[in-house]
Structure formats: C-alpha cells, structure tokens
1. Considering the alpha-carbon set of the range 227-347 alone, what are its Rg and its Dmax in angstrom?
2. State, in angstrom, two size descriptors of the range 60-169 derived from its alpha carbons: Rg to one decimal place and Dmax to the nearest whole number.
3. DSSP loop chymotrypsin sites (Phe, Trp or Tyr not before Pro) in the range 1-82 with at most 12 other Cβ atoms within 10 Å of their Cβ, which ones?
4. Can you tell me the convex hull volume per residue for the range 220-288, based on C-alpha atoms, in Å³ to the nearest whole number?
5. Per 10 Å bin from zero, what fraction in whole % of the C-alpha pairs of the range 146-193 is there, up to the bin with the longest pair?
6. Within straight cross-link reach of Lys252, meaning Cα distance under 25 Å, which lysines are found once same-chain residues fewer than 8 apart are removed?
7. Counting only residues 5 or more places away or on other chains, whose amide H sits under 5 Å from the amide H of Leu259 once H atoms are built in the peptide plane?
8. Let me test this: with uniform point scatterers at the alpha carbons of the range 191-235, what is the Debye-based log₁₀ I(q)/I(0) at q = 0.31 1/Å?
Amino acid sequence: MKAAVLHSVGDLRYEEVEDPHISEGEVLIKVKACGVCGSDVPRVMEKGTYYFPLIPGHEVSGQIISTEGRPGDIKKGDRVTVFPLIPCGKCAYCKIGRYNLCDNYNYLGSRCNGGFAEYVRAPVDNLIKVPENVSYEEAALTEPASVALHALRRAKVDTADKLAILGTGPIGILLAQWARIMGAGDIFLIDIEEKKLEFAGEKYGFTKLINSRNDDPVDVIKRETKGRGVDIAIEAAGVPVTLRQAIELARKGGRVVFLGNMRGDVTLPERIISSILRKELILYGSWNSNFTSLPKNEWETSLRFMQIGKLKVEPLITHRFKLEKVREVFEMMYKKSEFFNKVLLIP
C-alpha cells in the first residue's frame, strides 16, 4: 500500500510499504479520510514519534475490508471511525473504564502505525459505526469533536455559563459549538489570528471575538462582565501566555480547563498563583476523551449530534489533499504559509 512514513524528525515520505496484517480481534480498514491534528505538526516536524519508521495520523474514518475473530456486531463493509488510544485493559484505570488514563496504552499514529495510509489496522473494540448521513470526512472529525466535548464535561458546563475559549482553531470552534449546544451564555473566542476569528464569525455566527494582538482579552472580558470574569476559561492554544490569561479570566470560584498541548515551559508570576488561591479556582486537566458507555460514550454523542445536524463539522474543513501531497501539506502547516483550519488527507 501507499503511506506517509516518518523516518526521522522532518523526514516524511510518501512511499510503498507492506500492507498491515491483522490478528485476533482486529480489523483492516480502508482509510477514506484522515485529519491532520494540530499535534501532528510538531510531532512530524520537531519532536518525532516513539520510534522510526512510523506512519502518523490518528483522526481516521474508513470502511472495514476484513476482520479476524470475535467481530461482534462489526462486519466487513461497515463504515467506522477509530478511537486511536489502544488501552492495555489490565491496569487499574482500564478496569474502571478510564481508558484515557491507561498506564500502558498504545496509540495510532505515534506509538503504532496510524491513518496516513491506504489501510490501517485497529482493534475491533476501538471502532464505532458511522451513521449513514454522516460522511467519511465528517466522521474523521469525531476525535477532535469528542476531545472538545470531554473538556466541557470535565468543566461541568451549566446553562447560561459564561465561557472564554483561548485558541480558535478546530478544537476552539468545536468547544464553542458544544458550549452553545449545552446552553451556555456568552462565549468569548480569543486568538491572535484575525482570519481564525473571522472564520468563527462567518461560518458559525459567533460574535464575541477578541484579537489578543490588538486588545488585552482580560481587560475586554472583565469590562463586558462588569469585573466578574467568566464561569469557565478553557486554554486550547497550548502557549504559556494563554494559560496565564485563562487563570486571570476565571471569576471567583470559577473553573479553568487546561486542554492545549503546551509548547514550552510555563512560569507563573506570584500574582497569578495568588489569584488561584484567593479566587478559589477549580483547575481541570483534560486528556483525550471517553469511549465507554458509562457514564457517556463521547464518540457516540459526537456522531449523534453530527447526524441530527446540531454539531456542524464540515465547514471546519478548509483543505482536502491527496495523501501523495503529504510533504507539501506539512510544510504549509508548519510554516503557516496560508490560512487553514481543519486539513484532511484523502488516500
């Protein structure tokens, strides 16, 4: 098959490799679409995967072409998306269904071969069927949609809560959509790129947009909330300055969610530490998503809301590239040579 193979940091090649071989409890999937996650760019261009060579990509949708043993209700021809974290099933966290906290997990696209390929192998237990009226391209966004949903569920969003979302990429817009679905009140979107804010306004109708290159978001939001701050601040950009701002934006007794993968060390000034104490803030870390039926399968929920048209992910897709263009795709995204939101690779 053809695949995009990472041989070393920055050395991503489109080449022919051996087809995956499936074992008991696995399926072989013909990849129909695979999203390029924001984390894929530094992984390919700066950090590397856990070993080389390896096929990146974890936002996968496709069609099953073969199964091996115990398929359950999954069969050849089914349209599926893939939960990329493969839990060990043995540690204390797996035993209580907290698979995203597994001590010994595997992971498509960083610890084992992923979806930047014509075919990918995956455990049958990691599959979820895609509803008929949800396209493969939309289904490829189930992973980021579920990550966003998980973060809001961690924060216990309530009706009329005021939110500040720092970072207006795909995850930021998905967070804002979920918050609106959940009945949140004012939703402030913050970014340094005007085009991202314009996109959120034009495509999704969000109006409280703050360009933090031009205005201090803390000043703006404090003014709009009469000095109170927001009920929930979500850091979704992964840079030190927005982490500090998230803490400053939260009201007394408010909640802060750390969601973005941080790039660089963070030093918190004394006044910020003091504000955490004096405001009695609740800080949440959010990692991956929930794939068990209890308390809620966030992947099923994401697909369900896509199916009924309330969660709109198709407008997020700004670029679709054939897999053979993968090198040019990563160069463009790394250098930010043009505006993009969600980028899909199509084998």
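The values are calculated or read from the model by the stated rules, or taken from the named source; none is laboratory data. These numbers were taken from a predicted model, which means no experiment stands behind them. Every residue, glycine among them, receives a Cβ derived from its backbone with ideal geometry; neighbour counts consider all protein chains shown. Only protein heavy atoms, including side chains, enter the accessible area calculation; ligands, DNA and RNA are left aside. Shrake-Rupley method; radii C 1.70, N 1.55, O 1.52, S 1.80 Å.
1. Looking at the range 227-347, its Cα Rg and Dmax stand at 18.7, 54 Å.
2. 16.1, 49
3. Those that pass, being in a loop and sparsely packed, are Tyr50, Tyr51.
4. 84 Å³
5. 30, 60, 10
6. Qualifying lysines at Cα under 25 Å: Lys156, Lys162, Lys208, Lys222, Lys226, Lys279.
7. Glu235
8. Results for the range 191-235 at q = 0.31 Å⁻¹ read -1.11.
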